[in-house]
Amino acid sequence: MYSPRPRPAPASAPVPFYEKVKQAISEKIYAGTWRPHDRIPSEAELVAQFGFSRMTINRAVRELTDEGLLVRLQGVGTFVAEPKGQSALFEIRSIADEIAARHHQHRCEVLLLEETRADFTQAAALDVEEGTRIFHSRIVHFENDVPVQIEDRSVNAAVVPDYLRQDYTTTTPHAYLSLIAPLTEGEHIVEAVAATPEECRLLHIKEHDPCLLIRRRTWSTSHIVSHASLLFPGSRYRLQGHFSS
């Protein structure tokens with residue numbers, strides 16, 4: 001989903017020529033006239049079309065590339081970028097809410113929902129003793145039937161005893177955990193990783209395609225409630241954070 005269209009400048013403020021070019025190109029993308037992967041006219045063709053200088057056209061195309069609407073391939077041309085969803089980096093939200101906010105459809109497939117004993121890694125993440133009874137879930141989330149996230153989550157069974165009894169095709173683990181153990185603290189670690197062959201199959205991506213991994217821990221009062229590894233295809237997702245001092 002492309003970002004909302006930029007607001008037009010106030011009538012009293014003259015619009016720079018490069019902004020007019022950006023707006024014209026953006027309108028074609030938003031309207032679907034130019035679709036993802038379509039090649040747009042060359043800079044020379046845009047100069048002829050708009051009657052502006054090559055420098056003006058270059059700036060417009062460069063800024064739209066920086067904003068993620070276009071992709072420039074050296075020696076090949078400039079193309080409409082594949083739209084990427086955005087995930088809140090500092091704000092912890094349910095992926096279903098993020099997808100709904102883009103007016104898209106969310107669904108998920110539950111691959112695993114089990115009671116187990118914490119191995120060394122899970123115990124360290126949840127700050128419990130190795131061998132402690134925990135819950136483990138693995139879910140693939142889809143946006144408009146395209147897989148966009150593999151969620152692998154370990155949950156403190158002592159804090160959330162009914163975790164396994166929920167239907168995660170009608171809610172999400174995040175939504176349920178937020179209701180039962182309201183979030184008081186969160187931690188994010190973000191990495192660029194290579195997906196395993198199994199993860200490539202689940203996400204419908206090719207081997208060596210870039211992926212983003214968020215390792216997320218959440219607390220309720222003094223207890224760590226869960227640790228989730230959230231794997232996103234890098235070609236379909238980007239992370240955005242906003243903060244103020």
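The values are calculated or read from the model by the stated rules, or taken from the named source; none is laboratory data. Just so it is clear, the model here is predicted, and its values are computed rather than measured. Every residue, glycine among them, receives a Cβ derived from its backbone with ideal geometry; neighbour counts consider all protein chains shown. Please note that ligands, DNA and RNA were not included when accessible areas were found on the heavy atoms of the full protein model with its side chains. Shrake-Rupley method; radii C 1.70, N 1.55, O 1.52, S 1.80 Å.
Over 16 Å from H141 (Cα atoms), at pLDDT 85 or above and either open to solvent by 50 Å² or more (accessible area, probe 1.4 Å) or not small (G, A, S) (or both): does that describe E191? The answer is yes for E191. Of everything in the range 154-185 that is touching a His at 6+ places or on another chain (Cβ under 7 Å) and part of a strand (DSSP E or B), the residue that is nearest to S94 (Cα to Cα) is S154. Applying a threshold of 6 Å to beta carbon distances and a minimum spacing of six or more residues, or different chains, the list of pairs starting in the range 126-142 at a residue that is within 19 Å of S222 (Cβ to Cβ) and ending at one that is among the aliphatic types (A, V, I, L, M) reads L126/I224; D127/I224; V128/A118; T132/A118; I134/A118; I134/A157. Residues of the range 178-197 that are touching a residue at least 24 places away in the same chain (Cβ under 8 Å) and under 30 Å from D209 (Cβ atoms): G186, E187, H188, I189, V190, E191, A192, V193, A195.
Among the residues of the range 7-22, the ones that are open to solvent by 100 Å² or more (accessible area, probe 1.4 Å) and either part of a loop (DSSP other than H, G, I, E, B) or at pLDDT below 90 (or both) come to 5 in all.
Suppose the filter is in contact (Cβ under 8 Å) with a residue 60 or more places away in the chain, closer than 24 Å to V110 by Cα and in contact with a Ser or Thr (Cβ under 9 Å, 6 or more places away or on another chain); does S226 pass it? For S226, the condition - in contact (Cβ under 8 Å) with a residue 60 or more places away in the chain, closer than 24 Å to V110 by Cα and in contact with a Ser or Thr (Cβ under 9 Å, 6 or more places away or on another chain) - is met.
Restricting the first member to the range 107-122 and to residues that are part of a loop (DSSP other than H, G, I, E, B), and the second to residues that are open to solvent by less than 90 Å² (accessible area, probe 1.4 Å), the beta-carbon pairs closer than 8 Å and six or more apart or on different chains are A118/L126; A118/V128; A118/G131; A118/T132; A118/I134; A118/S154. Residues of the range 232-239 include at least one that is in contact with a Leu (Cβ under 9 Å, 6 or more places away or on another chain) and either closer than 20 Å to L113 by Cβ or among the hydroxyl-bearing types (S, T, Y) (or both).
If you check I29, I25, I95 for being at pLDDT below 90, open to solvent by less than 60 Å² (accessible area, probe 1.4 Å) and more than 23 Å from Q166 (Cβ to Cβ), only one passes: I29.
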